[in-house]
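First up is the structure itself, then whatever we jot down about it.
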Amino acid sequence: MLKAAAEPETPASIEQEELRGISRSVAEIEWLLLILVLLYYAFGGTETEDMPAVAAAMVLYAIFVMGFRYARFFRHESRWKLAVETWIMTAFITWALWHTGRLESPLLNSYLLVIITSALALGKLTTLLELGLIATCFVFLGSHSTIHELLSLKYAGGLFTQFAPFVLVAYITTMFASDIRYGLNKVKLMSETDELTEALNRRGFAIVADRLFGQAVRYQRAMSLLAIDCDNLKQVNDKHGHKAGDRLLVALVKSIQAQLRHTDILARHGGDEFVVLLPETPAAGALDVAERIRAAVEGNPLVFDGQLVKTTVSIGLASYPADGQSLDMLLASADHQMYEAKQGGRNRVVQRTPV
């Protein structure tokens, strides 16, 4: 019996959860930065005449962090919000450096917090822009009296030597973050894809179908669902072995996919059970697709060890809103019609007869 997964996570909710986790880490980095400047201030690292400016900057930055974090100005987390926070961090660091020795200040490496935050949360392009901003701050903080001195090879070489470690950290961190994202995406793909047929599995189908069904309900659009069952997988396994059965399922998926649009969703829901979601498709259109799938499967037997291994499918059809007001109801209705197709002799398509 086909069933929908309970309360699947949508891509939007997954992204929001990821952004909330990143945001919490950024908050910790912001407080760490404030504590570093505070400790330097408390242990006498700031000249007397600069103490009021540094103290004021710390108070304003603390107010910013608390307001940005805890006043709930933003209903949802976003990468733009995180980017703005890194810009404010850069401004605060630059101000603190201006009053604590400029490029000679022990706080100079605080810029690394901005770079690491950007690399882990915002990606390569944003990190490159952050590097450009920090490089501008380096020039602003440098000790040069004339444009000629600023453009001299000696001055540029010294500035580059100081700035080079920041570039290296940015490069290493972005590469590391990219590898992490690739690994996570790979694991996510594997968790939502059937390993044998490369169609979506139950979890992957639930995520996509929940979103598409929600759109159909919201905009009152037609949608149909096909429940497909291979008629003779057990016999093929018994006669030719499970290797032949696996190849039969792979061939079956290819035959089904050949009849679908790129917007249609195919998933493996069980051993030999498949489900196809047809957005923007009323019952008449879905019946045509189902018949084409049935004929394609019947007309493309598998060649295994020099023998033709024929197969057929039984298909049940259900459409929204006539056959169900929820995804579970549609799945149950299509599953029931598929069972009727098998009971009626197999290799056929059955849809609910209107009352």
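A short reminder: the numbers here are calculations on the coordinates, not readings from a lab. Keep in mind that what you see is a predicted model, and the values were worked out from it rather than measured. Cβ sites come from the backbone with ideal geometry, for glycine too, and all protein chains shown count toward neighbours.
When Tyr320, Tyr61, Tyr40, Tyr70 are ordered from fewest to most other Cβ atoms inside 10 Å of their Cβ, what list results? Don't skip to the answer; put the middle values down first.
Working: Tyr320 24, Tyr61 21, Tyr40 18, Tyr70 9.
Least to most surrounded, the residues fall as Tyr70, Tyr40, Tyr61, Tyr320.
Can you put Phe138, Phe274, Phe64, Phe160 in order of Cβ neighbours within 10 angstrom, beginning with the fewest? Mind showing how you got there, number by number?
Working: Phe138 20, Phe274 27, Phe64 17, Phe160 12.
Arranged by neighbour count, lowest to highest, Phe138, Phe274, Phe64, Phe160 become Phe160, Phe64, Phe138, Phe274.
Viscosity 1.002 mPa s, temperature 20 °C: Stokes-Einstein D of region 205-331 from its Kirkwood Cα radius, in µm² per second?
Working: Rh = 15.2 Å.
For these conditions, the coefficient is 141 µm²/s.
At a threshold of 8 angstrom on Cα-Cα distance, excluding pairs fewer than six apart, so keeping six or more, what relative contact order does the chain reach in percent?
On the way: 446 pairs, mean separation 54.8, N = 355.
Averaging sequence separation for qualifying contacts and normalising by length gives 15 percent for the chain.
Summing +1 for each Lys or Arg and -1 for each Asp or Glu, what net charge is found among the other residues whose Cβ lies under 12 Å from the Cβ of Trp98? Could you put the intermediate results ahead of the total?
Working: positive: Arg102; negative: Glu47, Asp50, Glu104.
So the surrounding residues net to -2.
Report Rg (one decimal) and Dmax (nearest whole number) for the chain, counting Cα atoms only, units Å.
So, for the chain, Rg and Dmax equal 30.7, 94 Å respectively.
Which of Val26, Val84, Val65 moves most in a GNM of the chain, Cα contacts under 10 Å?
Largest GNM mean-square fluctuation: Val84.
Can I get the semi-axes of region 178-259's equivalent ellipsoid? Compute them from the C-alpha gyration tensor as square roots of 5 times the eigenvalues, in angstrom, largest first. List each step's numbers first, then the result.
Working: eigenvalues 165, 99, 17 Å².
Whole-Å semi-axes of the equivalent ellipsoid: 29, 22, 9.
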